[in-house]
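The structure appears right after this line, and notes come after that.
The values are calculated or read from the model by the stated rules, or taken from the named source; none is laboratory data. Since we're looking at a predicted model, the values are computed, not measured. Methodologically, a virtual Cβ is constructed for each residue, glycine included, from the backbone with ideal geometry; neighbour enumeration extends over all protein chains shown.
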């Protein structure tokens, strides 16, 4: 097949190199051999590549800046090196008959460990201790172990599922929330998204790990955040627009919530002078929770070839997204 790989024009550290491709082909077996591949990082190279390409591999950032797509008469599928494709919505730009694939699965290991780290930080009062440190205040605050404590995880895909497994191994009582409440092996129970309100009052820790769609935008609004128990903690590794940042800030300042660890934000980067920078009991990381630079591109390419393998076998590609649902 003819494959075009379009990198972002701005270096991010997650570009697909010719060496990445060569190594992935060596791992991929028969399905990876014999393809014609071109690389580019400019609008001109994308336009030229799509004239012949049957498959396009690209990042969300590289693709978002080039929509609507240039003519792509032979294009059959687009593989994005990202799990969340909300920046590309609405998907009216997608040519008819072209499958849109993501790299869900790449982020699981890193996201699971980050979520565990965040849970341990909240359990050990790290956000409050860091607030005291910045103020030059000696304030002994004692934390508790995670075993036996309640965590609610919204979204049980690659991110939330890995987090649930870590939490369960440490003896936490895990409640999962997802659109279709099928059981999950790491969860004591799983409830439908429509039942979220019922579990929030018992949620010592709330972890947001779901995709951003029309159904989840603003999911944790002021009312729902107010349902969390006093002293609760919030972690967000999904998307910033899942929660009301202003309402979260008010609850942190009032002491209603004990702490929060946020990796994603409504506006990124956070603007200078934004209230978030000085909120008490908040720890900020700049959208780094799920991406491991050592494994991200190799695992993404392995997932790409796994999808090619499924297509060749006449099976549905496992990473195909539904444009109506957004994931």
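Of note:
- Residues that are at pLDDT 95 or above and closer than 26 Å to residue 91 by Cα are absent from segment 20-32.
- Condition met for residue 37 (surrounded by 15 or more Cβ atoms within 10 Å (Cβ to Cβ), under 22 Å from residue 72 (Cα atoms), without any contact (Cβ under 8 Å) to a residue 40 or more places away in the chain and assigned by TED's automatic domain parsing to the domain that holds residue 80): yes
Yes/no matrix, rows are residues, columns are (1) under 27 Å from residue 90 (Cβ atoms); (2) without any contact (Cβ under 8 Å) to a residue 60 or more places away in the chain; (3) part of a loop (DSSP other than H, G, I, E, B):
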residue	(1), (2), (3)
183	no, yes, yes
187	no, yes, yes
190	no, yes, no
196	yes, yes, no
200	no, yes, no
224	yes, yes, no
235	no, no, no
260	no, no, no
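- Test: residue 63 is in the same structural domain as residue 303 (by TED's automatic domain parsing), in contact with a helix residue (DSSP H, G or I) (Cβ under 7 Å, 6 or more places away or on another chain), surrounded by 22 or more Cβ atoms within 10 Å (Cβ to Cβ) and not in a loop (DSSP other than H, G, I, E, B): yes
- Complete set of residues in segment 79-103 that are in contact with a strand residue (DSSP E or B) (Cβ under 8 Å, 6 or more places away or on another chain) and over 21 Å from residue 11 (Cα atoms): 91, 94, 98, 99, 100, 101
- Residue list for segment 126-140, filter: under 25 Å from the mean Cα position of the chain (by Cα) and surrounded by fewer than 22 Cβ atoms within 10 Å (Cβ to Cβ): 126
- Filtered residues of segment 89-134 (kept if touching a helix residue (DSSP H, G or I) at 6+ places or on another chain (Cβ under 6 Å) and assigned to a helix (DSSP H, G or I)): 108, 111, 112, 115, 116
- Within segment 266-273, not a single residue is buried (at least 21 other Cβ atoms within 10 Å of the Cβ) and touching a helix residue (DSSP H, G or I) at 6+ places or on another chain (Cβ under 8 Å).
- Leading residue by the ranking (farthest from the chain's Cα centre (by Cα)) among those in segment 77-92 that are touching a residue at least 24 places away in the same chain (Cβ under 8 Å) and crowded, with 16+ Cβ neighbours inside 10 Å: 77
- Scanning segment 141-171 for residues that are crowded, with 24+ Cβ neighbours inside 10 Å and in a loop (DSSP other than H, G, I, E, B) yields a total of 2.
- Unmet requirement for residue 218, which otherwise passes all of (1) over 19 Å from residue 287 (Cβ atoms); (2) buried (at least 19 other Cβ atoms within 10 Å of the Cβ): (2)
- Test result for residue 315, at pLDDT 95 or above, closer than 28 Å to residue 22 by Cβ and exposed (fewer than 13 other Cβ atoms within 10 Å of the Cβ): yes
- The set of residues in segment 16-38 that are out of contact with any helix residue (DSSP H, G or I) (no Cβ under 7 Å at 6 or more places or on another chain) and more than 16 Å from residue 303 (Cα to Cα) comprises 17, 18, 19, 34, 35, 36.
- Hey, residue 148 in contact with a helix residue (DSSP H, G or I) (Cβ under 7 Å, 6 or more places away or on another chain) and farther than 21 Å from residue 3 by Cβ or not: no
- Residues of segment 157-173 satisfying the condition of being touching a residue at least 24 places away in the same chain (Cβ under 8 Å) and more than 16 Å from residue 239 (Cβ to Cβ): 161, 162, 165, 166, 167, 170, 171, 172, 173
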